[in-house]
Amino acid sequence: MPGDLDHDLVDTSHDPEKWHDNRNSCRFPLLRKPIIAIMTALTIPSSTASGLVNRLTTVFALPSFDAPEKLRPTAYLDGLRGFAAFLVYWHHHELWSHGLVRDAIFEQGYGFDGQHYFSALPFVRNFFGGGHYAVATFFVISGYVLSVKPMRLIHAGEQETLADNLASALFRRWLRLFMPLIATTFLFMTSWHAFGIWVDSAKPQSNYHDEFWWWYAEVKNFSFIYHLGGEPWLSYNFHLWSIPVEFRGSMVIYTSLLAFSRCTRKARLWCQVALIFYFVYIVDGTHYALFSAGMLLNDLDLLAMKDDLPSFLTQLEPFSKHLFYSLFVVSFYLGGVPVHTKDINDLAKTPGWYYLSFLKPQAVYDYKWFYLFWAGVFLVVSVPRIPWLKRFFETRFCQYLGRISFALYLVHGPILWTIGDRIYTAVGWAREPQITMLANWVNKFPLPMAGPFGLEMAFLLPHIILLPLTLYVAEISTRLFDEPSVTFPNWLYKQVLGSGQQPTRLP
């Protein structure tokens, strides 16, 4: 994811200081005094012990679902990003539990090759295999939010402040995205050797020294965005393929903002449209078209606030309700594009996709991203203009998912491949590698396979454990890795400024 995922995947500029996190009420008061007493008995000063306990109980406190004191105008984007991260979680669990042979059912269209499953129906399929739709949405949201402040400065004509803003953003961006990735993959890699954990599809080295070196070499190449050749995946968490894309997309946004900053309103809009057209129809760059489209949507929203939209858009105002509902429906349909193959002929053979298959541009290699481009853009356009949908993404739970979305994207895979794999094996989802390597877990607590494909009891019930566990680990990771990856680069940037700037203390 992602993402801002961004993912944010990954980073969509959420500020932990603006979130009302009532952690004090979630601490463990019954354990506090005994722990301090033990540490004092070990000659640790009581003040140090108290501070350490406060820090630990803050980090490991149970999550709080309190809403922010005041929702920001773009709070719906936080909720949309969070719900998209949940769809990625659900998608990967569906695929992992059901095995490679049956994975194609989630990823192929309804009726393809004579197979008809409820989970493959148009629209419905997004709740089973909507991970790619979610990632496309991440990229649009990132383009939108990364450009919010710079675009406001462009509109205000504050060129000097814009330069300062972009300089700060460029300085901080790599650290913001890759610090949490480095921390989480390091801990996951270390767990293999520290606890002797077997992970399906992992290829651990014979000793920890070799493993560390292999991890280091792979991460440093993965995080170098101009690296050519080799695998595009990070073997220590192959879900994180989108993080380098997120970084490159961020560079597209920042450089485009600078390049277009002195253009007239009309020229700036046309330049953004031309850039999107280039990424979609001239070169195979639909990922970056998604970022650029988010930037364009932000520009148009700011113009709308000033009553300065192009005239052809204002003429659509009488039809806006029907238009945005239509865009939402189209988005939800295109978001379910079959992805089991990259062959456009297979898409043409899928019921409901024959005529749409002719729309794919020659430049696009993996056809799904062309359709996901329109799906992601139409979704972000329509959500704030459909009241009930916007309210849903502003609910406490969606806002909470938005706050932990980057960490959820980072940790859901390792939890799935360790604890999740063993639980699925125990309830009846064992595959050949699990039968061999996890023999003691096979059918330990068999559950019924009754229910529609993808909604079997043996699939749903494990999430009574897996979903709260994953959310809790994501919460801890947000506190340990995600929030510091915002505050530390901010602090570091202030340290390297000239003497005219006053640096702040390290948080």
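The values are calculated or read from the model by the stated rules, or taken from the named source; none is laboratory data. Just so you know, these numbers come straight off a predicted model, no measurement behind them. Ideal geometry is used to build each Cβ from the backbone, glycine not excepted, and the neighbour counts take in all protein chains shown. For accessibility, only protein heavy atoms count, side chains too; no ligands or nucleic acids. Shrake-Rupley method; radii C 1.70, N 1.55, O 1.52, S 1.80 Å.
Some observations on this one:
- Within this structure, Phe195 fails the test of being of a type in the set (A, V, I, L, M, F, W, C), touching a Phe, Trp or Tyr at 6+ places or on another chain (Cβ under 9 Å) and under 27 Å from Ser97 (Cβ atoms).
- Some residue of the stretch 54-77 being surrounded by fewer than 22 Cβ atoms within 10 Å (Cβ to Cβ), at pLDDT below 90, of a type in the set (Phe, Trp, Tyr) and on the phi < 0 side of the Ramachandran plot: yes
- Being at positive phi and either in a helix (DSSP H, G or I) or not acidic (Asp, Glu) (or both) holds for only one residue in Asn490, Asn443, and it is Asn443.
- Per-region count, the stretch 427-440, residues part of a loop (DSSP other than H, G, I, E, B) and open to solvent by 20 Å² or more (accessible area, probe 1.4 Å): 4
- Met179 being open to solvent by 50 Å² or more (accessible area, probe 1.4 Å) and part of a helix (DSSP H, G or I): yes
- Candidate set: the stretch 328-366, residues that are closer than 23 Å to Leu379 by Cα and of a type in the set (D, E, K, R); chosen: the one most open to solvent (accessible area, probe 1.4 Å): Lys360
- Candidates Tyr424, Tyr409 - the one that is surrounded by 15 or more Cβ atoms within 10 Å (Cβ to Cβ), under 23 Å from Thr185 (Cβ atoms) and more than 23 Å from the chain's Cα centre (by Cα): Tyr424
- The residues of the stretch 186-203 that are open to solvent by 30 Å² or more (accessible area, probe 1.4 Å) and either touching a His at 6+ places or on another chain (Cβ under 7 Å) or polar (S, T, N, Q) (or both), listed by number, are Thr190, Ser201.
- Candidates Leu234, Leu269, filtered to the one that is in contact with an Asp or Glu (Cβ under 8 Å, 6 or more places away or on another chain), under 20 Å from Phe139 (Cα atoms) and at pLDDT below 95: Leu234
- Residues that are charged (D, E, K, R), open to solvent by 30 Å² or more (accessible area, probe 1.4 Å) and at pLDDT 95 or above number at least 2 in the following helices (runs of 4 or more DSSP H) confined to the stretch 83-170: 148-156.
- Residue among Pro318, Pro351, Pro338, Pro310 that alone is farther than 25 Å from His91 by Cα and in contact with a helix residue (DSSP H, G or I) (Cβ under 9 Å, 6 or more places away or on another chain): Pro310
- Which listed residue, of Glu456, Glu483, is within 23 Å of Phe186 (Cβ to Cβ), surrounded by 15 or more Cβ atoms within 10 Å (Cβ to Cβ) and among the acidic types (Asp, Glu): Glu483
- Any hit, the stretch 250-257, residues being closer than 23 Å to Ser320 by Cβ and in a helix (DSSP H, G or I): no
- Flag for Phe260 being within 28 Å of Phe312 (Cα to Cα) and touching a Cys at 6+ places or on another chain (Cβ under 7 Å): yes
- Set Asp308, Asp301, Asp284: member being open to solvent by 20 Å² or more (accessible area, probe 1.4 Å), assigned to a loop (DSSP other than H, G, I, E, B) and within 23 Å of Lys266 (Cα to Cα): Asp308
- Selection within the stretch 339-362 - more than 22 Å from Gly114 (Cβ to Cβ) and touching a Phe, Trp or Tyr at 6+ places or on another chain (Cβ under 6 Å): Lys360, Pro361
- The stretch 230-243, residues that are open to solvent by 10 Å² or more (accessible area, probe 1.4 Å) and either more than 18 Å from Tyr288 (Cα to Cα) or not in a loop (DSSP other than H, G, I, E, B) (or both): Gly230, Glu231, Trp233, Ser235, Phe238, His239, Trp241
- Residue within the stretch 220-229 that is closer than 30 Å to Thr190 by Cα, in contact with a strand residue (DSSP E or B) (Cβ under 9 Å, 6 or more places away or on another chain) and surrounded by 22 or more Cβ atoms within 10 Å (Cβ to Cβ) present: no
- Residue satisfying condition, being touching a strand residue (DSSP E or B) at 6+ places or on another chain (Cβ under 9 Å) and part of a helix (DSSP H, G or I), within set Phe406, Phe392: Phe406
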